[in-house]
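A.B. asks: Sending over a structure as structure tokens; questions will come in a sec.
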Amino acid sequence: MRNVLTKFCGAALVSAVLSSSVFAGGTINICSDKNLWYPFTFVEEGKAVGLQIDIISKALSNLDYSVNYKPLPWKRCLASAKDGDFDAIATASYKDKRAVFLEYPNDASTAKKSVQRVLQVEYVVVTASDSGYTYAGDVKTIPTPVRVPRGYSIGDDLKKQGLKVDDGAAGDENNIKKMLRRGDGSVVTLPKIVELLSKQDVYKGKLSVSDTPVKSKSYYLPFSKKSKITKADQEKIWAEIANVRNDLEFMGKMSAKY
């Protein structure tokens, strides 16, 4: 009888261990965008930093994970995740063609503001200050070519609305340089990037930012479909990311850094 009980208890213990998060306390490998995407993800002294990195790192730490970040050119980051070289990407918006090789939260394809997002990001229209243009909500009025970084989903969004998009350059600063040099078109980017660049003498007084956002998108920590991290574990991580994002004290401290 004792042997039977011992075997039963041992089996129950094994079952409990196996049903728990296999990767709890393990390491997650994440690639991030090497381009300046201030203040959300960017590179400082060779390391991935930014507000979204802070949120993800805090959530993973709360769940006893360690994390390795690798900043890469955006298209290479996507390709590497597709190949299974990384467990996840910090961060990416939802696209059907990305969902072929990435796992997203269930509401990612439909929600305008997902519960399990890392952050909601707004894009604005930037023009030369002497252009006299102000975006007021009509996408068709945006000066073309509209410049966005290579591989960014906002470019596809604007193409679908019939705009001529120049997405051949890597990074927003290159696009702003091209706009000023050629004296035409516009750049669609993040308000903070323009704020940061406008502090430099070379751009001071030369850029105009429209207040009305052209797009608001949820950004996620999507997982490679080739990652060994289970869907159940992914759900736990996304839920904890939401908890961290809703922690006003933490978000206040992190936002103050930028």
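The values are calculated or read from the model by the stated rules, or taken from the named source; none is laboratory data. Values in this document were obtained by computation on a predicted structure and should not be read as measured data. Here Cβ is always computed from backbone atoms with ideal geometry, including for glycine, and neighbour counts include all displayed protein chains.
A.B. asks: Let me spell it out: the conditions are (1) free of Cβ contacts under 8 Å to residues at least 60 places away in the same chain; (2) under 13 Å from residue 223 (Cα atoms); (3) of a type in the set (D, E, K, R), and residue 98 meets all of them except one. Which number is the exception?
C.D. replies: Going through the list (1) free of Cβ contacts under 8 Å to residues at least 60 places away in the same chain; (2) under 13 Å from residue 223 (Cα atoms); (3) of a type in the set (D, E, K, R), residue 98 breaks only (1).
A.B. asks: Any residue at all in region 133-153 that's in contact with a strand residue (DSSP E or B) (Cβ under 8 Å, 6 or more places away or on another chain) and under 30 Å from residue 235 (Cβ atoms)?
C.D. replies: Yes - at least one qualifying residue is present in region 133-153.
A.B. asks: Also, quick follow-up: Is one or more of the residues making up region 43-58 touching a residue at least 40 places away in the same chain (Cβ under 8 Å), within 13 Å of residue 221 (Cα to Cα) and assigned to a strand (DSSP E or B)?
C.D. replies: Scanning region 43-58, I find no residue that is touching a residue at least 40 places away in the same chain (Cβ under 8 Å), within 13 Å of residue 221 (Cα to Cα) and assigned to a strand (DSSP E or B), so the answer is no.
Let's see how each residue does on (1) over 17 Å from residue 255 (Cβ atoms); (2) small (Gly, Ala, Ser); (3) in contact with a Gly (Cβ under 9 Å, 6 or more places away or on another chain):
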residue	(1), (2), (3)
32	yes, yes, yes
38	no, no, yes
68	yes, no, no
82	yes, no, no
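A.B. asks: Kindly indicate the residue of region 121-141 that is hydrophobic (A, V, I, L, M, F, W, C), over 14 Å from the mean Cα position of the chain (by Cα) and outside any loop (DSSP other than H, G, I, E, B) and also surrounded by the most Cβ atoms within 10 Å (Cβ to Cβ) among those meeting that condition.
C.D. replies: Restricting to residues being hydrophobic (A, V, I, L, M, F, W, C), over 14 Å from the mean Cα position of the chain (by Cα) and outside any loop (DSSP other than H, G, I, E, B), the top hit is 126.
A.B. asks: Please tell me if residue 93 is out of contact with any Phe, Trp or Tyr (no Cβ under 6 Å at 6 or more places or on another chain), closer than 26 Å to residue 252 by Cα and among the hydroxyl-bearing types (Ser, Thr, Tyr).
C.D. replies: no
A.B. asks: Looking at the structure I just gave you, is residue 33 assigned by TED's automatic domain parsing to the domain that holds residue 111 and surrounded by 22 or more Cβ atoms within 10 Å (Cβ to Cβ)?
C.D. replies: Judged against the criteria, residue 33 is a match.
A.B. asks: Restricting attention to region 69-120, and to residues there that are over 12 Å from the mean Cα position of the chain (by Cα) and in a strand (DSSP E or B), which single residue is surrounded by the fewest Cβ atoms within 10 Å (Cβ to Cβ)?
C.D. replies: Result: 70.
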